[in-house]
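Structure record follows, encoded as structure tokens.
None of the figures in this text is laboratory data; all of them are computed from the coordinates on show. Please read all numbers here as calculations on a predicted model, not as lab measurements. With ideal geometry, Cβ positions are generated from the backbone for all residues, glycine too; neighbour counts draw on all protein chains shown.
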Amino acid sequence: AGSWLSPPHMLPDLHFVEYAPELFAEMRAFVGMDDQAYISCVCPKDFSFIEFTTNSKSGEFFFFTHDVQCMVKTICREEVNSLLGLLHNGYMEHLNSDEGSLLTRIMGLYEVQLPWFNNGRPQCFIIQENLLAGCGANILERYDLKGSRLGREAKDGDIVLKDNDWAEGGRKFGFPPPLRERLGRLHLRDCEFLATSGCIDYSVFVVAFSRGSTDSLAVPAADEGDVVGGFESGATIELGLTDSDAMEGAAAADQGANVAAQRSRSYARKGPRMSMLLSLEDKSEARPGRRLWETLKETPWRRLRGDRPMHRPSAHGPFEGSGRLSYAIGIIDFLVPWSARKRLEFAYHALRCDAFEASVNPPWMYARRQVKCMGNSW
């Protein structure tokens, strides 16, 4: 039968939810992808996703789109709540500000349910930009850097290397001072935002490839008069926050996470589940994400969007380093919240006297450690 929401299809038991569609459409517009380009990327005719394996411990599934421009990743309900919290804390404004950001751009948040898929349980997934898309065929190394050293080495056969592999190889980017300072500033700003939002366990994903293998991305240059902090090798880098600021930020993050969780539960309890075959007379009830959009559409970033171009160069590179290498750099996997389970994991490592070396740490401690680690490598 179909409806104004979608054309007819042969899956009467399919339930599909798109969260905050207008918000993510704005995000896609900022990276130069309109609705038609997005549909052609994610679901063209006669297409199939490209599955790939990782050494991630999350157990989630990853797929590339057919043109390798985007990546599809399944996420758990806890990460959905975290993403909704990030939206309320200014994720869109942060990414689209004039300063820029190394955070990967999430293009959409969805939920799907089918009787024969995932044991009939709803499965959430995100679509995000693929950092490998502009690296060409000459990729040499890939690194997942958290700033932790405990158990952070790749196993035999792993494609993605980790912190100990980076340190033992004596790796440095070798960026020129202006670029080193700008990237250090972007990373510091991103870590402060994630710590304020109560997120942990994120990584700096680094792709090294031979120079000249891509010309599709442009290096964002610092504006004249920008004030940036220097990051010298071996220097100790501190976040510009006092302990009281950190405590207030952590409390705000907990409050924001609770609000997001309550809102998500409210969606599940009260909000209608959108069926692709369901005809709705009241369009305001079509998508749970519409209510989230209504609360955010008047925020300052929306009023500022007319003053900046809708498509800007990629913030992820390529950046030219030493040894005729170029790098694509981005922060990934930033939807893990500082939850009760993570607090217990941190307490367990504290009893073993290796808490600060372990991957899991409280948000502000995690941020400080990663900023210090990357500050010694820029």
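If packing is taken as the mean number of other Cβ atoms within 10 Å per residue, what is the order of 102-115, 194-207, 21-34, highest first? Could you put the intermediate results ahead of the total?
On the way: 102-115: 19.9, 194-207: 24.2, 21-34: 17.9.
Packing order, densest peptide first, comes out as 194-207, 102-115, 21-34.
Report, in listed order, any pair from K73/K162; K146/K342; K146/K172; K73/K372 with a Cα-Cα distance greater than 27 Å.
Values: K73/K162 21 Å; K146/K342 16 Å; K146/K172 16 Å; K73/K372 29 Å.
Over 27 Å Cα-Cα: K73/K372.
Counting other Cβ atoms within 10 Å, keep those with at most 13, restrict to DSSP loop, and tell me which trypsin sites (Lys or Arg not before Pro) in region 315-366 are left.
R324, R352
How large is the Kirkwood hydrodynamic radius of region 64-211, counting all unique pairs of alpha carbons, in Å?
About 17.7 Å for region 64-211.
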